[in-house]
Amino acid sequence: MISGSRAVTRLLISFLAVGLLATPTALAPAPAQAGTGLSWRDLQTGSDAQFRGLAPVSRHIAWVSGTEGTVLRTVDGGRHWQDVSPGGDTGDLEFRDIEAWDEQHAVIMSIGTGGDSRIYRTVDGGRTWKQGFRNHSKDAFYDCLGFWDQRHGLAMSDPVHGKFRILYTKDGGRSWKKRAASGMPPALKGEFGFAASGTCLVTAGASDAWIASGGTAARVFHTADRGETWTVTDTPIRRSEAGGVFSLAVRDKSTLVAVGGDFEKPTKSKHTSAYSHDGGTTWTAGGDLGGYRSGSAFLPRTAATGTPSNGVVAVGPTGTNVSFDGGLTWKNVRNGAFDAVECTGDGACWASGPDGRVALLDGLKQR
């Protein structure tokens, strides 16, 4: 994330990097608020890293990535975790985003200025990693990435020369090329992205993608042609030096939910969510969350969420919220302090956060 002030940038990075706002959590089942039927079940990872990168494939397979160059993988639903970190000169990097397709194939992104922003790829379950991209621009700072399929994807940097920079891959992350800046609307002065959960860039269908911004704006940019051209729309989410849209949840090309707030004021609940039913062309203010939220995802289809799902889960350092009406209203799930959340097609929702915390959301099958 980058703002117009280098001092502000360093402050934002330090808060998100070390998790100063994260609340301590014990590795025990978290009680649910009456009426939600949901609770978090913690899994023992054996790590003390902060995991902002989360890529569950199924209820059995999941990858997490985070501080100190750490990448872990499970293939048995979190009972056992394997350290598949790249090693080498990556030990000081923060892998804030990860995408995975199965137990063998994954792509990770590290954040930072200059050469600290990198992208690596594995095709053998993390035994070996190959670098596909290293940033050489002093002004670029990469926040997150997303894929449509195993070959085609985008990566997003904070504005360079007044516009968000977009990379494109068509070979599964082996190589990346910059999209022409002419297709991107200008960023506002002091506008940037948040590398908070890997969900400031999301994709749907075969060619649609959205990116979220914060700082002096709380906007959502949309492309329908894999990043060649973009449009931008304002949202009603609060904006500030440490605020804006932190995460986007996408159900399909029409239906999205945005969450955020101000991470320096993590208990402020007003103006922290919005939703769109027209692909992000317009946004409506959603219900108030329990505070600043950094990650979000649509719940799997259940009796309560409907077909397709109208259920959304949002997480942050002060807790978890669940909506069963697409973001219009929210309920609290206590003790759910996480950074990232993702759900899988076979009905599992995973969350990750500080102190090596990873958990599964129980109660979905009964709904």
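The values are calculated or read from the model by the stated rules, or taken from the named source; none is laboratory data. Note that the structure is predicted; figures quoted are calculated from it, not measured. Every residue, glycine among them, receives a Cβ derived from its backbone with ideal geometry; neighbour counts consider all protein chains shown. The protein model used for the area step is the full one, side chains on, heavy atoms only, and it has no ligands, DNA or RNA in it. Shrake-Rupley method; radii C 1.70, N 1.55, O 1.52, S 1.80 Å.
Miscellaneous remarks
- The stretch 51-94 and the stretch 122-165: distance between their alpha carbon centers, rounded to Å: 17
- Building the convex hull from the alpha-carbon atoms of the stretch 62-165 and averaging its projection over directions returns 6.4 nm².
- Proximal charge balance of W350 [Cβ under 10 Å; K/R count +1, D/E count -1]: 0
- Difference of contour (0.36 nm per residue) and Cα-Cα distance, H136 to H80: 16.4 nm
- Cα Rg over Rh - the stretch 233-367, Kirkwood: 0.94
- The mean of 1/r over all pairs of different alpha-carbon atoms in the stretch 295-354, once inverted, gives a Kirkwood hydrodynamic radius of 11.4 Å.
- Counting DSSP beta bridges with both ends in the stretch 291-367, the antiparallel % (nearest 5): 95
- Convex hull volume per residue in cubic angstrom - Cα atoms of the chain: 109
- Based on protein heavy atoms only, the chain ends up with 37 Å² per residue of surface accessible to a 1.4 Å probe.
- Carbon + sulfur, % of accessible area of the chain - ligands and nucleic acids excluded, 1.4 Å: 49
- Equivalent ellipsoid semi-axes, the stretch 266-318, via Cα gyration tensor eigenvalues times 5, rooted, Å: 21, 16, 9
- Cα centre as origin, Lys/Arg/Asp/Glu Cβ charges: the stretch 172-322 dipole, Debye: 260
- The value for the stretch 159-241 of Rg(Cα) / (2.2 N^0.38 Å) is 1.08.
- Within the chain: Cβ-based charge dipole about Cα centre, in debye rounded to nearest 20 (Lys, Arg +1; Asp, Glu -1): 420
- Kirkwood Rh and Cα Rg combined as Rg/Rh, the stretch 68-123: 0.98
- Choice from V64, V333, V341 with maximal GNM fluctuation in the chain (Cα, 10 Å cutoff): V333
- Net length gained if the chain between T282 and S58 were fully extended (0.36 nm per residue, minus Cα distance): 77.4 nm
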